Amino acid sequence: MKRRQIARERPTRRFKSRLGTIGPFIPVLLTLLLRVLFILEMLKHPFSSISPQIVDSWAYHRQALNIINGNFWGSEVFFLRPIYPYLLALFYALFGRKVLSVQIFQALLGTASCFLLTKITERVFNRSAAFIGGLGFALCGVLVFYTGALSYVEITIFFSLLFLYLIYSANERWWLWAIAGVSFGLLALCRPEMILLLPFFIIWLIRRKAKPKHLALLTSAAVIVIASVPIRNYLVARDPVLFTAHSGINFYFGNNPGADGTWQPAGKLSPGFGFSHEQLKRVAKYVNGKALPWSKASGYWIKQGLRFIVSQPVSYLKLLCRKLLLFFSNYEIPNNYYFETVRPFSLLLKITFINFGTVAALGILGMVYAWRLRSQSFPLYLFIAGYLFSALLFYVLSRLRAPVMPFFLSFAGFGLWKTIGYFKKGVFGRPVLSLIFVLLFYLGTNIFPIDRKNYLAQGWTQLGNIYLEKKKVQPGLSALSKALAFNPQNISARYSLIQAYAGMGRVAEAENEFQELAQFLDTTSTARMVQHLAIARIAIARRDFTTAAENYQRALAINSNEPETWFLLGLVYISLNDLPSAEKCLLQTLALDPFHDAAHNVINEVRRHLKK
């Protein structure tokens, strides 16, 4: 009997053994599968486009083109974070100027991040918590979403987790300490404010009896990587900018009398109608009518932000509270990429149902349970504190807080494991109270008031404009109509509709949209500029090029730094057969935007005709 029982038990043990071996890799494989499917699903959607409408990604793309065209070091200080454009340049050089290769790489990087997360969680807590945390990583919709975006989110998450994994597992292997230092240095180049965490990590490692030579190696490697950017900035531009030129601008955006806790151009830093980094550079670099070096211009905007904090402490404290609530809000505050205009087109984003509110609620529960293990889990707490501090220092956006999610997921896995364990032991009081807390916290993340309609209007406007860029008129008109349904006073959506109707020769509909636009235009410079642009576009549809030229000139009198307006005026002069004036306008376009491909093409034709 005993032999028969043992014989029956052997297959069960083998199955459990195999499951125990394969189990930890299930979240990793699921992460890869879902992300690759999402990328393939989005191939023909504007989400996977390289478009000026996606402002930061367009800037990274243009810088990458500059790099592969021979200007490897650049000619000015870095304006945006430097690693990502070099990464894009590498993939453009290897695979052509396609988004897909970068997206596939990011899917692989996300898969590696899931693996690192499970290993870290297993080391700090246990295998069951690691499995739960990894599964949450795989099924988190926002993390899937950013896998396909041309943004530095994925590399930030990877460097954070790689650094943490290495300091947990380096032991006596000196080369791993060096790689850990490089990883932290690269993380700091993605998120410079993370530098403030390094001393705390060193102190923690000292308490864990790490050898001084290993700590020196880690610190030296991190410092060398971090120092490469200010050294490069000085050698290239003779300007001692520590990281990027937009650091001071971002600080002011997050801390000024009109700040609301999100990214909002304010006061003198509002570039007017439309937005591009070239416009922002021109506005930010001129202080009191004088162009300053970036180090001084950035310092000026930091001082302006500090002046607000010191002079209006009550308003600043209210702003801090709002940022704190926004950080834990379940709503993904968009910027560049709009989650809510992609999700309707994606089955994968509907399947990956785990959201930030769920992760944060369960993560905080796990943080409470893990407090007794804080000597081991301290780095996880530290990264959460670092990303929260970053949001409070600047502002809250979906892409800026996304890198904190893996650390919450690690705690969430532990919190769920503990709760399940209590139920198995027949203890119900503590786990029931824990689940009530999680539910209340989750509900709280959904009730914070945010102007979602305004963001939806922005997102559908962006989508409509990208469709129109691709000559997909009907989807473009549909998206713009949705934008106006959410916010009828959205100037950009209304103007885009005027452009579209005028371009199709549907003048009466363009005029109707203009009448709607005129109802809520005020006397601000932006409103007056939009009015002149709209009149000019309708005039072109009527073949009244003289009126069009007059209105473009009036728009440029309000804002002469808008390259697209110069370009349109140049086209009007061509229609008026005034080629010398057209050439001047096109040259001005290229002076403001050297990457304006249409202007390059047209000016070559103009010069060819002028030579005849």
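General observations
- Residue list for region 381-406, restricted to those being in contact with a Pro (Cβ under 9 Å, 6 or more places away or on another chain) and not charged (D, E, K, R): 383, 387, 397, 398
Condition check ((1) surrounded by 20 or more Cβ atoms within 10 Å (Cβ to Cβ); (2) among the small types (Gly, Ala, Ser)) across all residues:
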| site | (1), (2) |
| --- | --- |
| 517 | yes, no |
| 522 | no, no |
| 530 | yes, no |
| 533 | yes, no |
| 549 | yes, yes |
| 562 | yes, no |
| 576 | no, no |
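- Considering only residues in region 243-262 that are part of a helix (DSSP H, G or I) and small (Gly, Ala, Ser), the one that is surrounded by the fewest Cβ atoms within 10 Å (Cβ to Cβ) turns out to be 247.
- If you go through region 553-577 and keep only what is in contact with a His (Cβ under 7 Å, 6 or more places away or on another chain) and under 19 Å from residue 593 (Cα atoms), you end up with 555, 563, 567.
- Residues in region 187-238 that are surrounded by fewer than 18 Cβ atoms within 10 Å (Cβ to Cβ), over 25 Å from residue 373 (Cα atoms), in contact with a Ser or Thr (Cβ under 8 Å, 6 or more places away or on another chain) and charged (D, E, K, R): 193 alone.
- From the list 152, 165, 146, the one residue that fits, being touching a Lys or Arg at 6+ places or on another chain (Cβ under 7 Å), open to solvent by 20 Å² or more (accessible area, probe 1.4 Å) and not acidic (Asp, Glu), is 165.
- Filtered by the rule that a residue be under 12 Å from residue 495 (Cβ atoms) and either open to solvent by 30 Å² or more (accessible area, probe 1.4 Å) or modelled with pLDDT under 90 (or both), region 535-547 gives 535, 537.
- Residue ranges of helices (runs of 4 or more DSSP H) in region 76-151 with at least 3 members charged (D, E, K, R) and within 21 Å of residue 166 (Cβ to Cβ): 99-124
- Residue count for region 370-401, restricted to those that are within 24 Å of residue 439 (Cβ to Cβ) and either in contact with a Lys or Arg (Cβ under 6 Å, 6 or more places away or on another chain) or of a type in the set (A, V, I, L, M) (or both): 5
- Condition check for residue 400: at pLDDT 95 or above and either out of contact with any Gly (no Cβ under 7 Å at 6 or more places or on another chain) or closer than 17 Å to residue 190 by Cβ (or both): no
- If you go through region 32-70 and keep only what is outside any helix (DSSP H, G or I), over 17 Å from the mean Cα position of the chain (by Cα) and either modelled with pLDDT of 95 or more or of a type in the set (A, V, I, L, M) (or both), you end up with 42, 43.
- Helices (runs of 4 or more DSSP H) wholly inside region 354-442 that include at least 2 residues being aromatic (Phe, Trp, Tyr) and either crowded, with 21+ Cβ neighbours inside 10 Å or in contact with a helix residue (DSSP H, G or I) (Cβ under 8 Å, 6 or more places away or on another chain) (or both): 356-369, 374-393, 405-424
- Among the numbered conditions (1) in contact with a Gly (Cβ under 8 Å, 6 or more places away or on another chain); (2) open to solvent by 70 Å² or more (accessible area, probe 1.4 Å), the only one that residue 93 does not meet is (1).
- Filtering region 293-341 to residues that are in a loop (DSSP other than H, G, I, E, B) and buried (at least 16 other Cβ atoms within 10 Å of the Cβ) leaves 293, 328, 329, 330, 331, 332, 333, 334, 336, 338.
- The single condition from (1) without any contact (Cβ under 8 Å) to a residue 12 or more places away in the chain; (2) over 30 Å from residue 564 (Cβ atoms) that residue 315 fails is (1).
- Some residue of region 263-272 being loosely packed, with under 15 Cβ neighbours inside 10 Å and at pLDDT 90 or above: no
- Residue in region 130-141 that is over 24 Å from the mean Cα position of the chain (by Cα), open to solvent by less than 20 Å² (accessible area, probe 1.4 Å) and within 28 Å of residue 417 (Cα to Cα) present: yes
- Residue in region 209-216 that is basic (Lys, Arg) and part of a helix (DSSP H, G or I) present: yes
- For region 445-460, a residue qualifies if it is open to solvent by less than 50 Å² (accessible area, probe 1.4 Å), in a helix (DSSP H, G or I) and in contact (Cβ under 8 Å) with a residue 40 or more places away in the chain, and the qualifying residues are 445, 455, 456, 459, 460.
- A single entry from 68, 83 fulfils the requirement of being within 16 Å of residue 146 (Cβ to Cβ), among the β-branched types (Val, Ile, Thr) and open to solvent by 20 Å² or more (accessible area, probe 1.4 Å): 83.
The values are calculated or read from the model by the stated rules, or taken from the named source; none is laboratory data. All values reported here derive from a predicted model rather than from experimental measurement. Here Cβ is always computed from backbone atoms with ideal geometry, including for glycine, and neighbour counts include all displayed protein chains. Side chains included, ligands, DNA and RNA excluded: accessible areas come from the protein's heavy atoms. Shrake-Rupley method; radii C 1.70, N 1.55, O 1.52, S 1.80 Å.
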